[in-house]
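**Student:** Input: one structure, supplied below.
The values are calculated or read from the model by the stated rules, or taken from the named source; none is laboratory data. Note that the structure is predicted; figures quoted are calculated from it, not measured. Note: ideal-geometry Cβ built from the backbone for every residue, glycine included; neighbour counts use all protein chains shown. When the accessible area is computed, the model is the full protein with side chains, heavy atoms only, and any ligands, DNA or RNA have been set aside. Shrake-Rupley method; radii C 1.70, N 1.55, O 1.52, S 1.80 Å.
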Amino acid sequence: MSTDPDHRDHMNDRGPLVWPAWLFMVIVAATAYEIVARYFLSAPTIWANELTLFVASIAFLCAGLYVMSRDEHLRITILYDLAPHWLRRVFDFINLACVVVFCGSVAWFGFPSSWRSLVAWERFGTAWNPPIPAVVKPLIVVAAALMVLLAIRNFWRGRRPSDGADAGTL
């Protein structure tokens, strides 16, 4: 293991945003159960599809926060890698502006709807009728707000893995 404080040991990353990766195993299990029940036992479930939607939405929100916290979103880097450091910072600022506008809008304008869903404990409206909107809508607002904060933090850190010696400078 490296003694470098900036070294990230990806294999031993056990932060709070990693555990939702196991939720995909719940999705696989529910889907497999539904397939067996529907096609081999002729007894389809009323809950497998909704459970999959519910769990996947939570897992994907956590995944977005995870990659944003590590500043490892997918990028098309051909121009970024060829650019000098000052131009990279311009690209970073444009990226920051886009994230703040989009995620900030989702958080700001989504809050009233998510609050109503939470307070009324809005349900999905199916036979199983889980409270997917009451849980997921507020989580989307929280995740969007956290992404704004993480984007600002990533911008002020000012470094990318390819920046080299001048990493951290504005």
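**Student:** So with the 1.4 Å probe, I'd like the accessible area per residue for region 33-170, rounded to whole Å².
**Tutor:** Values: 8560 Å² over 138 residues.
Counting only protein heavy atoms, the per-residue value for region 33-170 is 62 Å².
**Student:** Need the full-extension length gain, Thr45 to Val101, defined as separation in residues times 0.36 nm minus the C-alpha distance. One decimal, nm.
**Tutor:** Values: separation 56, 0.36 × 56 = 20.16 nm, distance 4.11 nm.
In short, 16.1 nm is gained.
**Student:** Go ahead and run the numbers for FRET between Phe109 and Ala37, Cβ-Cβ distance against an R0 of 45 Å, rounding to 0.05. Intermediate results must be reported in sequence, preceding the final value.
**Tutor:** Numbers: r = 40 Å, r/R0 = 0.89.
According to the calculation, E is roughly 0.65.
**Student:** Label Leu79 and Leu139 with points 7 Å out from Cα along Cα→Cβ: what is the distance between them in nm?
**Tutor:** If labels sit at Leu79 and Leu139, their model points lie 3.5 nm apart.
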